[in-house]
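In what follows, a structure is listed as structure tokens, so that the remarks can point back to it.
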Amino acid sequence: MSEAEELQKLADKEYEFGFVTDVEADSIPPGLDEDTIREIVKRKGEPDWLLEFRLKAFRHWQTMEDPAWAKVKKNTVNYQDLIYYSAPKPKKQLDSLDEVDPELLETFEKLGISLEEQKRLSNVAVDAVFDSVSVATTFSDKLAELGIIFGSFSDAVKEHPDLIKKYLGSVVPYTDNFYSALNAAVFSDGSFCYIPKGVACPMELSTYFRINAAGTGQFERTLIVADEKSTVSYLEGCTAPMRDENQLHAAVVELVALEDATIKYSTVQNWYPGDADGVGGIYNFVTKRGLCKGDRSKISWTQVETGSAITWKYPSCILQGDDSIGEFYSVALTNNHQQADTGTKMVHLGKRTRSTIISKGISAGQGQNTYRGLVDVKKNAEDARNFSQCDSMLLGDRCGAHTFPYVEVRNPSAKVEHEATTSKIGEDQIFYCNQRGISTEDAISMIVNGFCKEVFSELPMEFAVEAQKLLAVSLEGSVG
Amino acid sequence: MSENEKEGSMILEVNDLHASVEDTPILRGLNLNVKPGEVHAIMGPNGSGKSTFANVIAGHEDYAVDSGSVLYNGIDLLDLSPEERACEGIFLAFQYPVSIPGISNAYFLRSALNAVRRYREESEVDAVDFLQLVRSKMALVGMDEKLLQRSVNDGFSGGEKKRNEILQMAVLDPKLAILDETDSGLDIDALRIVAEGVNALRGGDRSFIVVTHYQRLLDYIVPDHVHVLSQGQIVRSGDKTLAHELEREGYSWLDSGDKPKKSEADQKVQEAS
Amino acid sequence: MNNEALQHWNNSLTGQSEGLSSTEDLFSTRRKAGVDSFQKNGFPGRRHEEWRYTSLKSLSEEGYPACLPHEGNLPEVDELITSSDIRIVLINGVFRKDLSDLTALPDEVRVEGFSDFRQRANTQEIENFDRMLPLSDHPFQSLGDALLDDGLVVTAIGNTDARIHILHAYDGTDTSGSAHITGMIHLEGGARLEILEEFRSQGQVMGNTRWGIHVGDECTLSRQRILRPGCDVVFHGSRVEVGKAGLFQDLIAGSGSRLVRNEIHVSLNGAGGHTDLFGGYVSDGDEVVDHHTTIEHAVADCTSREIYRGVLGGKSRGAFTGMIHVHQDAQRTDAKQSNDAILLSRNSEMNTRPRLEIYADDVKCTHGATVGELDEGALFYLRSRGVSLEEARRMMVRAFTAEVFGEIENEGLREQIIEQLQAAMPASECVT
């Protein structure tokens, strides 16, 4: 079978996670004004200070314009048509997982995320977010013994208001950008995680996001605080049903690493990408930022982006503490009509701060893949170091690969290096593999995985395997 | 020999093969029969179609077969995809092995071996057994083990690439191996090592087709039959002495269609030296 | 930029432009469009993405809007060592036949001012002019159009070879102001030209130069632009189209200019076309050097190479924006770009934005950017062998810029440029 036929056959496969869960939802009507926000606050039973925070953000958002600078083509989002709160019913205080709606358990089961006691991954604690709310968190008791707080954002607002007040919006202020302002106004739930001083979190913490309801936007908020000398590794996964409309996902993730703390944040993003003609799919407009607040702190972002109609995000590091380290490892794959404009910002403020950027963009079909990044060395960042490498791979002649790095240096002792390359899979490489008995499909997947090796090696083991499979599935139909 | 007698006794039967590259005819009626265990050398000047023949047998898409047939162990070879041919036991040692950055040599070779084994409905080889197998074969071609962890052919010297080809051949255990100008770009020591590797794999039913411009490789890999390819056809066949004759006399006699005059052949040798 | 600041420009612009258009001619529509465009858009602020690193605030000062007088003296600078035997002098934007020497000009090459070109040009040439110098809303190009007066047209057709030295001189000693030059270079039929453009300036002067360049099939244009010390504000805009197997080589070098903005747009329109874009500079004080390049690989089988290197001291700022755009049909493109900067002082600053936009799959494109200080290890090594710190730094800068200047064939000129840059080397605070 020729390369083209092989790939065509595979192209006919569909998005695996496109099913819809039939669960009764408790939603508020579409539309957004101050009353919507009051309604969200009322339903969630939130305190006044949070209402104030939300309203301030909303008022600021109203003064802002939907940004258009990214290299993406998108449909206009009508913010008045969206539903800003949707929760599976009945939403009551859960005492144990036994009380979680079996439909929901089954949904997560299908997604490979088991919430049931006996089937859980032994070394991963999961917070499952379904549409706007967190439905279950596993292992929270065991973590509590170590003083680790891990659970839904809503619970944390009630149980740890001081921590939330102190850190909410401290890394991504609501004024930061259009979507962060919108998120601050209407965010419904998300995960909160606090690792106390000197504690190395013994298991991977994970949030699994699922958009289910039609017409909803998902606006979750994640806040992770790693206190002095603590370490944590956090995983995030996402899927959504297949729908013809473009659903908006505008999340905010804030990380704070204090002195000598390390946060590793890994994402495998597999939101519904739309169909082969580019209809439907998630608009994934996410603000992720980490603050290396303390000396010798470290924040490392690893992302594998294979889903979404449009991905538009720049997980960033503010390197404030002296000797702090920021890392960004990314694989972004765009197939069919997918578009990705992604990258990172590394802002060097402290002395001897170091950052590494490894970005691998793969474009197939009519996919458009853009790396956009900023390395900003401020005046007092003595001896700052950055190394960036942005590699693109093109599969087919109708896709595009673009690289837009910004390098701004205001300190002469800095050393900043940026490299970029573009390549393709050669027909001679495929033939060579064929001649050794390896099928075209396997050859492509092997070469692409080799291309992404440096990023996959940063992922926790289970995720790395997952990511490789996902990449192979997402590549199907990419050439021909 | 009648058709019936050929049946079963040949590993490769090429009948009146015509093939072209980008609409330019290269092979124009090539005939060749190879029995199990035989070593055939195909010699000829540049542009005579040697590499085209090797690529057609391996199934490269850029080489279009216009007419003729190729039977491999009695089955129609031209019907098979390149990877099916490989799994059936055809191995091409490339003249210019491509590099594949990002994939380690070990991973590549194990993937290939397991693809072949799956095809033969044999169990896959795990990493530990594979490593043992590869180590034993590496000694055969005098290859540094470090090369296993390097990307396939990436940054390899000419000699390392050719040894890597022979290593792959040793591991994949083919029934018919085609060496396409394996001697090009090798110094005499590397040539000897590569040839020793090939000789160690000779024997039993394994057949070889050695494609080369020069006779020197045939000093080390001694062929059973030698064929001269010119303008897409085999114009002469003989035993190993034919190779020596070509070495002395060059290929220029092919142009005139006559046997060369002595003086011309001498001149050719001088030019070459 | 606020409107008040632009009043100086707007007031003088209309008057000056109308003065030029007293008689209807080829350029009066162009002048009108330029005035309208500039009055509508003015100078962009730094929020404009293309002007993020360069402030044009100082240009709204009173001194610049008036055009410099046609008369003026050549600023005294050492003569450049040139292999050219044809010399063209422009003073304050006016082609001075009296100071130029065209005696060695081959028959196939024509050099003329706009007044001659206007009278002589055929329809095709006018079309070329409009295509290579299109109307735009670019602030400097609008100004150039609004105040279009004299300019230069160089045409070379056929199998010919010539070396031309163009001396752009600005004399702002008696009165400050600006000068706007628009020029066209047209090569056809395998012509080969080497053009050395030298820029000399004194006083408060804004020199605004715009070139439309056509390098036809199998033609070669090799251009060197040297900014001699003492220039105030320099804007260069070049729009270049390269035909089949054409070659366009460009080099810009300089030191001691207050504000330099160099924009170059090269479109490789025929198979086998190649371009080299090289730049080297040393800056000090509060100088700003901003290179802005675009290479369009519009068709298959073209190659490009780009190297820009700068050494920055004082409070000076450097910027580089380099776009490589590979169109969908431009298979087998090979494009290499690099931008490197050395910062010598705490208050110097470098901003670099390489950009790749790629729509074809069989291409080789790389870009690299580095920012750092002089290699201390190498400096120490040199000093431990007895070389003084000052000399060691000069050697390092020479080595750093060698790749840029290495291809200048005229050795004397090459040494002179390196010498100019070495002499401009700011004091380093980083190494003691």
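The values are calculated or read from the model by the stated rules, or taken from the named source; none is laboratory data. Model, not experiment: these values are computed from the prediction. Neighbour counts are summed over all protein chains in view; Cβ atoms, including those assigned to glycine, are modelled from backbone coordinates with ideal geometry. Only protein heavy atoms, including side chains, enter the accessible area calculation; ligands, DNA and RNA are left aside. Shrake-Rupley method; radii C 1.70, N 1.55, O 1.52, S 1.80 Å.
Only bridges with both residues in chain C count here: give the DSSP antiparallel percent, nearest 5. Taking every DSSP beta bridge within chain C, about 5 percent pair in antiparallel fashion.
What residues of the stretch B:161-178 lie in the reach of a label at B:S184, counting those whose backbone N is under 20 Å from a point 7 Å from the Cα along Cα→Cβ? Only B:161-169, B:177-178 pass the distance filter.
Heavy-atom accessible area with a 1.4 Å probe sorts B:D219, A:D227, largest first, into B:D219, A:D227.
The long axis of helix B:240-249 is offset from the longest Cα principal axis of chain B by roughly 60 degrees. Annotation: for a label point projected 7 angstrom from Cα along Cα→Cβ of B:N15, residues of the stretch B:65-92 with backbone N closer than 18 Å are B:65-80.
Interface A-C: total buried accessible area of about 2900 Å², 1.4 Å probe, protein heavy atoms only. Only protein heavy atoms count here; under a 1.4 Å probe, C:D85 has an accessible surface of about 80 Å².
Interface A-B: total buried accessible area of about 2000 Å², 1.4 Å probe, protein heavy atoms only. Shape call for the protein assembly as shown from the C-alpha gyration tensor, a ≥ b ≥ c root eigenvalues: rounded (a/c under 1.5), prolate (a/b greater than b/c) or oblate? Since a/c reaches 1.5 but b/c is at least a/b, the shape of the protein assembly as shown is classed as oblate. Which of C:L80, B:G250, A:F150 sits closest to the plus end of the dipole of the protein assembly as shown, meaning its Cα is farthest towards the positive end, when Lys and Arg get +1 and Asp and Glu get -1 on the C-beta? Going by the Cα projections, it comes out as A:F150. Note that the stretch A:271-279 has calculated 3J(HN,Hα) couplings of 4, 4, x, x, 8, 5, 8, x, 8 Hz, one per residue in order, obtained from phi through the Karplus relation 6.51 cos²θ - 1.76 cosθ + 1.60 (θ = phi - 60°); glycine and proline are x.
Computed over protein heavy atoms with a 1.4 Å probe, the accessible surface of the stretch A:383-480 works out to 31 Å² per residue. On the beta carbon distance between A:W69 and C:T173, with R0 = 60 Å, the FRET formula returns roughly 0.85. A Förster distance of 51 Å, applied to the separation of the beta-carbon atoms of C:E391 and C:R118, puts the FRET efficiency at 0.40. Would you please give the FRET efficiency between B:E196 and C:F380, computed as 1/(1 + (r/R0)^6) with r the Cβ-Cβ distance and R0 = 35 Å, to the nearest 0.05? After rounding to 0.05, the efficiency reads 0.10. Applying the Karplus relation 6.51 cos²θ - 1.76 cosθ + 1.60 with θ = phi - 60° to the stretch A:421-434 yields 3J(HN,Hα) values of 9, 10, 8, 9, 8, x, 4, 5, 5, 4, 5, 4, 5, 3 Hz, where x marks Gly and Pro. Counting Cβ atoms of other protein chains within 10 Å of each Cβ in C:319-328 and taking the mean gives 2. Would you work out what percent of the accessible area of the protein assembly as shown, with all protein chains in place, is carbon or sulfur (probe 1.4 Å)? Within the protein assembly as shown, the accessible surface is 47 percent carbon and sulfur. Evaluating 6.51 cos²θ - 1.76 cosθ + 1.60 at θ = phi - 60° for every residue in the stretch C:53-63, the Karplus couplings come out as 10, 10, 8, 9, 3, 5, 6, 7, 4, 4, x Hz, glycine and proline recorded as x.
Highest mean first, the peptides A:186-192, B:167-173 sorted by other C-beta atoms within 10 Å per residue fall in the order A:186-192, B:167-173. Solvent-accessible area of C:E61, all protein chains in place: 90 Å² (probe radius 1.4 Å, heavy atoms, ligands and nucleic acids excluded). Solvent-accessible surface of chain B, taken per residue with a 1.4 Å probe and all protein chains present: 46 Å².
Largest to smallest in accessible area, the residues B:R163, C:R52 fall in the order C:R52, B:R163 (1.4 Å probe, all protein chains included). Once a ≥ b ≥ c are taken as the square roots of the eigenvalues of the Cα gyration tensor of the stretch A:413-457, is the result rounded (a/c under 1.5), prolate (a/b larger than b/c) or oblate (a/b not larger than b/c)? Prolate, because a/c is 1.5 or more and a/b exceeds b/c. Taken per residue, the accessible surface of the stretch C:3-375 reaches 34 Å², heavy atoms only and a 1.4 Å probe.
Beta bridges per DSSP, both residues in chain B: antiparallel share near 60 percent.
Taking accessible area as the heavy-atom solvent-accessible surface of the protein chains with a 1.4 Å probe, which residues of the stretch B:93-136 lose no less than 50 Å² upon going from the isolated chain to the full protein assembly? Residues of the stretch B:93-136 that lose at least 50 Å² of accessible area once the other chains are added: B:F94, B:V98, B:I100, B:G102, B:I103, B:F108.
Buried on complex formation within the stretch A:358-403 (loss of at least 50 square angstrom of accessible surface versus the isolated chain, 1.4 Å probe, ligands and nucleic acids ignored): A:K379, A:D397.
Per-residue mean of foreign Cβ neighbours for C:330-338 is 1 (Cβ atoms of other chains, 10 Å radius).
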